[in-house]
Every structure is written in structure tokens, then in C-alpha cells.
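The values are calculated or read from the model by the stated rules, or taken from the named source; none is laboratory data. Please read all numbers here as calculations on a predicted model, not as lab measurements. Using ideal geometry, Cβ is built from the backbone for each residue, glycine included, and neighbour counts are taken over all protein chains shown.
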Amino acid sequence: MSVFQNSILLFVFMKSWIDNAAPLVAEDLSDLPPTFVITAENDVLRDEGNAYAERLKSAGVKVEPFLEEELVHGYFTNMAVFPEQIKRDNFKNRTILK
């Protein structure tokens, strides 16, 4: 296989990987399922989460954004630090899940 052919294969692989690893930069989001986007108020990725929710909405995907006030990135996986906040979140009542 030539260097040129290898370069093309690498480009195709990388394009696919980037679309899956960073859905915000994917060209088409219209085939995604209904999505529940959780962001935390003090999260460095909050703006990206909000932008992703807007892109989904623009693509015709049913989306329900949810902002957790006064919390930080990763709070949901840290039950020892944020037990009360996690208990109060009743995700079963989210309309997107019905």
C-alpha cells in the first residue's frame, strides 16, 4: 500500500473517531436518539454541554437539558461528596425518558 493510500485510510479513520469522540463537531446529529443533557453550574464543560443540546435541537433531536446549580463537573459520580444533591435528582420524572 502506498503512502498516499495509507494517508487516506488514516484520514477516514480519524474523521470517524473524531465524530464519535467529540459529537459537538460531528456533521450530522439528526440520527441520534432522544437525549438528556446534564450540565453542572461550575463545570468547565458547561458551555459545550449547552452548545451540544442546542445542536441536537437544531438537528431535530428531542433533547432535554438539565442544569445542576452549585455543582461541579463529575458530581454525579462522586456520591461521597454530593449525596444530597444526587438523592434530590429524580431523573425518573424527566419527560425525555417517558
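Residue count for region 38-72, restricted to those that are out of contact with any helix residue (DSSP H, G or I) (no Cβ under 7 Å at 6 or more places or on another chain) and basic (Lys, Arg): 2.
Residues in region 25-62 that are within 25 Å of Tyr75 (Cα to Cα) and of a type in the set (Asp, Glu): Glu41, Asp43, Asp47, Glu48, Glu54. Among the residues of region 45-80, write down those that are among the hydrophobic types (A, V, I, L, M, F, W, C) and part of a loop (DSSP other than H, G, I, E, B). Residues satisfying the conditions are Leu45, Ala59, Val61, Met79, Ala80.
I want to confirm something. Restricting to region 48-73 and keeping residues that are of a type in the set (D, E, K, R) and over 14 Å from Val25 (Cα atoms), which single residue is farthest from the chain's Cα centre (by Cα)? Quick ask: steps written out before the conclusion?
Initial filter on region 48-73 (of a type in the set (D, E, K, R)): 48, 54-55, 57, 62, 64, 68-70.
With the extra rule that they be over 14 Å from Val25 (Cα atoms), the set shrinks to 57, 62, 64, 68-70.
Details: Lys57: 13, Lys62: 14, Glu64: 12, Glu68: 15, Glu69: 18, Glu70: 20 Å.
This residue is Glu70.
Give me a count of the residues in region 22-33 that are in a loop (DSSP other than H, G, I, E, B) and surrounded by 14 or more Cβ atoms within 10 Å (Cβ to Cβ). Before the answer, list the steps.
Of the residues in region 22-33, the ones in a loop (DSSP other than H, G, I, E, B) are 22, 26-33.
Right, trim to surrounded by 14 or more Cβ atoms within 10 Å (Cβ to Cβ) and you get 26, 29, 32.
Total meeting the criteria: 3.
Each residue in region 82-98 was checked for being within 16 Å of Glu41 (Cα to Cα) and either modelled with pLDDT of 65 or more or in contact with a His (Cβ under 8 Å, 6 or more places away or on another chain) (or both), and 2 of them qualify.
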